[in-house]
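S.K.: Dropping a structure here in structure tokens format, bear with me for questions.
The values are calculated or read from the model by the stated rules, or taken from the named source; none is laboratory data. Keep in mind that this is a model prediction, so the values were computed, not measured. In this analysis, Cβ positions are derived from the backbone assuming ideal geometry, glycine residues included, and neighbour counts consider all displayed protein chains. Accessible surface areas use protein heavy atoms only, side chains included; no ligands, DNA or RNA. Shrake-Rupley method; radii C 1.70, N 1.55, O 1.52, S 1.80 Å.
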Amino acid sequence: MFAGFNFRSNKYEKLNSWEATKGLYSYIESNLENDWSHWDYVSNPNGGFLGLWFHITSLSSEKNCEIYLQIENYCADKINLFIKICGKWERTIDVLYDIFYLIQEKSSEFDLSISKPSRYRCGEYTYVAIINDVFLKKENGELDLVNLINKLNNASRLIDAVTAEL
């Protein structure tokens, strides 16, 4: 059993430990409408995070460029769902804005609220957008798992719609 996660009741006490996050990620993997996902620790200058990435989808116009979803939990009350891009793409801020505006335009079709990262940095793995209101808590403080899985599956559908146009 992972600390902070009760598999019988699917309750998450707090997601401020690696063990609780591993339990959440296992739960997510078993409930995604997606056939591939992977999670692991990612080291970075901010102390690292436990990341789950899934729904990696090639652009219709460029098979060597992919857009995917990534959850990052820093285990300090900071957990987010990002849309990211990787592979061979024209690494310019203008391209990121073009993709962001397309994502933003289509997001309402999938009942998703999107925001832009605080700033863009073009790299091998680049943030394009943040999906808001994914990790909501119920009145009793527990993570709203129905909302979570619904938002993750809708985000996958959004990626499919966006990559079909790119």
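S.K.: Is it the case that region 126-138 has a residue that's of a type in the set (Val, Ile, Thr), in a loop (DSSP other than H, G, I, E, B) and surrounded by 13 or more Cβ atoms within 10 Å (Cβ to Cβ)? Before you say what the answer is, go through the steps one by one.
M.R.: Residues of region 126-138 that are of a type in the set (Val, Ile, Thr), as a first pass: 126, 128, 130-131, 134.
Filter once more, so that each one left must be in a loop (DSSP other than H, G, I, E, B): 134.
Checking the rest, the ones that are also surrounded by 13 or more Cβ atoms within 10 Å (Cβ to Cβ) come to 134.
Checked region 126-138: at least one residue is of a type in the set (Val, Ile, Thr), in a loop (DSSP other than H, G, I, E, B) and surrounded by 13 or more Cβ atoms within 10 Å (Cβ to Cβ).
S.K.: Which one of these does LEU96 not meet: (1) touching an Asp or Glu at 6+ places or on another chain (Cβ under 7 Å); (2) more than 25 Å from ILE28 (Cα to Cα); (3) surrounded by 16 or more Cβ atoms within 10 Å (Cβ to Cβ)?
M.R.: Of the numbered conditions (1) touching an Asp or Glu at 6+ places or on another chain (Cβ under 7 Å); (2) more than 25 Å from ILE28 (Cα to Cα); (3) surrounded by 16 or more Cβ atoms within 10 Å (Cβ to Cβ), the odd one out for LEU96 is (1).
S.K.: (1) out of contact with any strand residue (DSSP E or B) (no Cβ under 9 Å at 6 or more places or on another chain); (2) open to solvent by 70 Å² or more (accessible area, probe 1.4 Å): which one isn't true of ASN153, the others all being true?
M.R.: (2)
S.K.: Given the options GLU66, GLU105, GLU109, name the one that is open to solvent by 40 Å² or more (accessible area, probe 1.4 Å), modelled with pLDDT of 95 or more and part of a strand (DSSP E or B).
M.R.: Details: GLU105 fails: part of a strand (DSSP E or B); GLU109 fails: part of a strand (DSSP E or B).
Result of the check over GLU66, GLU105, GLU109: GLU66.
S.K.: Yes or no: TRP36 within 15 Å of the chain's Cα centre (by Cα), open to solvent by 40 Å² or more (accessible area, probe 1.4 Å) and either farther than 18 Å from ASN154 by Cα or among the aromatic types (Phe, Trp, Tyr) (or both)?
M.R.: Values: within 15 Å of the chain's Cα centre (by Cα): yes; open to solvent by 40 Å² or more (accessible area, probe 1.4 Å): yes; either farther than 18 Å from ASN154 by Cα or among the aromatic types (Phe, Trp, Tyr) (or both): yes.
Yes.
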